[in-house]
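Take a look at the structure below.
Derivation of every value follows stated rules applied to the coordinates shown; laboratory data play no part. Treat the numbers as computed from the prediction; the structure is a model and nothing was measured. We place every Cβ from the backbone using ideal geometry, glycine too, and count neighbours over all the protein chains shown.
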Amino acid sequence: MALLDWIAPESGLRVEGEGVFLRPPRAQDFSEWRELRAQSRAFLQPWEPTWPADDLSRAAFRRRLMAYARDRDAGAAYSFFVVRAHDDALTGGITLSNVRRGVAQMGSVGYWCGRPFARQGLTLASVRALSEFAFRTLGLHRLEAACIPDNDPSRKLLAKASFAEEGFASAYLKINGAWRDHVLFGRVSPYGGHDGPDAGVSV
């Protein structure tokens, strides 16, 4: 089970997982993030939207940070970097997006992992940690995720993270320049009884 640790406001939220922790991206991460994304480009592109021409620029990174902060303040999305606990290495990213309240109380999970850190269980740990954050801290009832049918590692990861395969969506998302079919996954909170965020918690 992930443990939630609220640390100094200037540092932001920190979510503890098994061998990793999640924290919001910050300006000083730019160089490490750019290097990891650049060396992982061929590894990531088949599964991601087309990268803009300036995707790895400092200006584009600043825009990302502004969008992340805006979404977090609105309670619409929570973006984290995945950091390996024993050496503070940035290994990837994970986002809880499309947060819907009201009668839905749900959100969508998306993630990426840099090539040097793939197949080490770090992304699985981050999905489990984010799920705990979504269910226990934000009080969400349901999480959703999707992946391209031939992305076997992602399908296996979601199954290990207690997501159930629920269906198939044709031309669901535009990935690497083409509309791609996706397998849909879902997970319902094992805790139940939530109508919103835990009392006294602000994010």
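Couple of notes before you dig in:
- Order of Asp55, Asp87, Asp152 - criterion: other Cβ atoms within 10 Å of each residue's Cβ, fewest first: Asp87, Asp152, Asp55
- From least to most packed, judged by other beta carbons within 10 angstrom and beginning with the fewest, Phe30, Phe163 follow the order Phe30, Phe163.
- Farthest towards the positive end of the charge dipole of the chain, among the residues Pro149, Leu173, Ala134, is the Cα of Leu173, using unit charges on the Cβ of Lys, Arg, Asp and Glu.
- The chain: most fluctuating residue of Phe185, Phe168, Phe80 per GNM, C-alpha cutoff 10 Å: Phe168
- Choice from Val109, Val127, Val183 with maximal GNM fluctuation in the chain (Cα, 10 Å cutoff): Val183
- Residue with peak Gaussian network fluctuation, the chain [Cα springs, cutoff 10 Å], from Gln39, Gln28, Gln105: Gln28
- Listed residues Phe80, Ala69, Thr50: farthest to the positive end of the dipole of the chain (Cβ charges): Thr50
- Mean residue ellipticity (222 nm) of the chain, computed from DSSP H runs ≥ 4 via -39,500 (n - 2.57), nearest 500: -7500 deg cm²/dmol
- Footprinting exposure proxy for Ser40, Ser126, Ser57 (fewest neighbouring C-beta atoms within 10 Å first): Ser57, Ser40, Ser126
- From the coordinates of this entry, semi-axes √(5λ) of the Cα gyration tensor in Å is computed, and it appears in (1) 24, 22, 17; (2) 53, 19, 13; (3) 34, 18, 18 under the label (1).
- The charge dipole of the range 3-188, taken about the Cα centre with unit charges on the Cβ atoms of Lys, Arg (+1) and Asp, Glu (-1), comes to about 240 debye, rounded to the nearest 20.
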